[in-house]
Amino acid sequence: MKKIWMGIGVVCAVSLVSCGGGGTEAPKADAGGGAAAPAAGGAGAVPDEANGATITGKVMFDGTAPKEKTIDMSAVPACTRAHANAPAKSEEVIVNDNKTVKYAFVWIKSGLPEGTTWKVPSTPVMLDQNGCMYKPHVIGIMAGQNIEVKNSDPTNHNIHPSPTVNQEWNESQPPGSEDKMKTFARQEVMIPVKCNVHNWMRSYIGVVSHPFFAVTGDDGSFTIKGLPPGTYTLEVWHEKYGTQDQTITVGAKESKTQDFTIKG
Amino acid sequence: MPKDSSNPMGNAWLHRYSVLVLVCTFLLVIAGGLVTSNEAALAIPDWPLSYGKLVPPLEGGIRFEFAHRMLAATVALLTLILAFWIQASEQRLWLRRLGWMAVGAVLAQALLGGAAVKFVDPKPLSIAHACLAQICFGVMVAVVVGYALACPPEDQHQHWQAKAYPTVLAATAILLQTALGAAVRHNLTSAIPHIVGAGISTALVMWAGLGILIHHMEDTLLRRYATLLLSLTFVQVFLGVAAYMSRIATADDPQPMPMMIGFTVAHVAAGSLTFGAAVALALIVYRDARPANAVLAHGGMAVA
């Protein structure tokens, strides 16, 4: 009996030491629910911008804009130095000057033709760790598309996405090290990303199985081009205020405006 | 050869050393609480090395996680020495077994911690890690208290079931509370099961503690430990409320705030002390409730 327990202990120890951290180097597909996306740059349909419909809009903010909270980086001098002129602020809620919201993720949640495989862009989307902040705070990618994770800081970071559908991973990235190419195989809106070395660092990645999504910027606007004619559920996601859905019908070459209003 | 230890506390240095190991184990619990509260659990993505080195760059969350690992290694080594020492100098078989049980628990805890890093913080593993930490502390308390316990005189024999069950139940409830608390901290459940569990375990502690105070007020040892258990439980309830309120109050802050970290770590630490007090009380009650001959004849004494 003792030998059995010793054997189990040895097997556990060896498997712990030998197994990997679960990182997914592009273009290898992650495990998870649903069908895995094709590799970046492979075959597939592309949005028909000439004949397809366009949806534009703004994500408006209704109410008093919350005060942006100051981040305390004093525990890490390298981070403090990066913000010597002005302390870093939380990017959780940013209300633009025109009363619109920055970093809202807008995407076609449903309504696209079934069975269409959309071409995955071969260009990676950059996620930079700069000034001990993620730049940008929110990104959108297609499932299977590469994310180029960069460390521009003179300090160590770990990148730790916490998906529920895709595979979770956690890897360190010392200063000056090579960029990491990562991918998520399955649609998931949204995946939180954290740095456990700097516990204020937080980012979100929207992974979608098609190319019809956008992230609002400094003017709070979004544009989704090349949609096939049809009726769609358009969703906006915000880190603090959650999601809102709207139904919209578009025809060929038609342009429609659909705004969202987030109540503060 | 084990020496005759019919006189408990015969080896004062061994007792002092076991207290030292207990204190280090308690510090390890606090270090673990600091890691979780600072959201630094995966600041070092590799194990057993740290950033591929023995000593990683000590910045940000890495400091908490690395200090936790170093303290864990120290406790493992101290516990191993303690087990060998008890083995060499103690006659009581149950105490020798308890020493090795502590070694097993600490090593299993290290493996669980490593697995949580390797498998990127799966919630069940993290909760098991928190619970086993509590068990490690409880076993160490049992070693320290058990070593100091004298065998009771013959005339103190009573029906142990009637006396020991409430304290055993209280200790078990506190351990389950640890699991629920860990589940809340790792976002596996809402706080409601933990709050309900707090009510149940407080009631059980009061049943055990007040029962002892009512019926055995004249027994100094029992009175002290029952009072300690009751006091720690009430402190723990207060800290639990404070930790919860501070979490709500700082929910919109961009990072864990010192107030929330302080109350949460204090809640974790007081939880361990409460569990330790319950284990100690159960052990004392059990000791008092058994005939001395039975203890010596069977060479063993169960631990709650």
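For region A:57-78, filtering for residues that are modelled with pLDDT of 95 or more and away from every other protein chain (no Cβ under 14 Å) leaves 6. Scanning region A:149-158 for residues that are assigned to a loop (DSSP other than H, G, I, E, B), of a type outside the set (S, T, Y) and open to solvent by 30 Å² or more (accessible area, probe 1.4 Å) gives a single hit, A:P154. Note down all Cβ pairs under 8 Å where the first residue falls in region B:103-116 and is at the interface with chain A (Cβ under 8 Å from one of its Cβ atoms), the second is aromatic (F, W, Y), and they're at least six residues apart or on different chains. Between residues of region B:103-116 that are at the interface with chain A (Cβ under 8 Å from one of its Cβ atoms) and residues that are aromatic (F, W, Y), the close pairs are B:G114/B:W47. Please verify whether region B:41-55 includes one or more residues that are open to solvent by less than 30 Å² (accessible area, probe 1.4 Å), part of a helix (DSSP H, G or I) and at the interface with chain A (Cβ under 8 Å from one of its Cβ atoms). Taking every residue of region B:41-55 in turn, none turns out to be open to solvent by less than 30 Å² (accessible area, probe 1.4 Å), part of a helix (DSSP H, G or I) and at the interface with chain A (Cβ under 8 Å from one of its Cβ atoms). Residues in region B:85-103 that are of a type in the set (G, A, S) and touching a helix residue (DSSP H, G or I) at 6+ places or on another chain (Cβ under 9 Å) were compared, and the one that is surrounded by the fewest Cβ atoms within 10 Å (Cβ to Cβ) is B:S89. For region B:243-251, the count of residues that are touching a Phe, Trp or Tyr at 6+ places or on another chain (Cβ under 7 Å), at pLDDT 95 or above and away from every other protein chain (no Cβ under 14 Å) is nonzero.
Within region A:165-192, track down each residue that is within 12 Å of chain B (Cβ to nearest Cβ) and among the hydrophobic types (A, V, I, L, M, F, W, C). Within region A:165-192, A:W169 is the sole residue that qualifies.
Scanning region B:175-193 for residues that are in a loop (DSSP other than H, G, I, E, B) and more than 12 Å from B:H129 (Cα to Cα) yields B:N187, B:L188, B:T189, B:S190, B:A191. Applying the criterion of being open to solvent by 40 Å² or more (accessible area, probe 1.4 Å) and farther than 14 Å from B:T25 by Cβ to the residues of region B:109-121, the residue that is modelled with the highest pLDDT is B:L111. Restricted to strands (runs of 3 or more DSSP E) entirely inside region A:78-148, those with at least 1 residues that are within 30 Å of A:G230 (Cβ to Cβ) are A:105-110, A:125-130, A:138-142. In the set B:D219, B:D253, only one residue is under 17 Å from B:S37 (Cα atoms), open to solvent by 30 Å² or more (accessible area, probe 1.4 Å) and more than 19 Å from the chain's Cα centre (by Cα); that residue is B:D253. The condition of being within 30 Å of A:M73 (Cα to Cα), at pLDDT 95 or above, surrounded by 18 or more Cβ atoms within 10 Å (Cβ to Cβ) and more than 13 Å from every other protein chain (Cβ to nearest Cβ) holds for only one of B:L82, B:L22, B:L34, B:L71, that being B:L71.
Within region A:51-109, the set of residues being in contact with a Phe, Trp or Tyr (Cβ under 6 Å, 6 or more places away or on another chain) and open to solvent by 70 Å² or more (accessible area, probe 1.4 Å) comprises just one member, A:K99. Of all residues assigned to region A:79-92, at least one qualifies as being among the β-branched types (V, I, T) and modelled with pLDDT of 50 or more. Taking the criterion of being in contact (Cβ under 8 Å) with a residue 12 or more places away in the chain, part of a loop (DSSP other than H, G, I, E, B) and open to solvent by 10 Å² or more (accessible area, probe 1.4 Å), the residues of region A:167-178 that qualify are A:Q167, A:E168, A:P174, A:P175, A:G176, A:S177.
Checked against (1) within 14 Å of another protein chain (Cβ to nearest Cβ); (2) without any contact (Cβ under 8 Å) to a residue 60 or more places away in the chain, A:T249 passes all but a single condition, namely (1). Kindly indicate whether B:A130 is out of contact with any Leu (no Cβ under 8 Å at 6 or more places or on another chain), at negative phi and away from chain A (no Cβ under 14 Å). Considered against the rule, which asks whether it is out of contact with any Leu (no Cβ under 8 Å at 6 or more places or on another chain), at negative phi and away from chain A (no Cβ under 14 Å), B:A130 comes out as yes. Here B:L77 passes the criteria (1) at pLDDT 90 or above; (2) not assigned by TED's automatic domain parsing to the domain that holds B:A41 except the one numbered (2).
The values are calculated or read from the model by the stated rules, or taken from the named source; none is laboratory data. Quick caveat, the model's predicted, so the values are computed rather than measured. All Cβ positions, glycine included, derive from the backbone under ideal geometry; neighbour counts span all protein chains shown. Quick note on the areas: whole protein, heavy atoms, side chains included, nothing else; ligands and nucleic acids left out. Shrake-Rupley method; radii C 1.70, N 1.55, O 1.52, S 1.80 Å.
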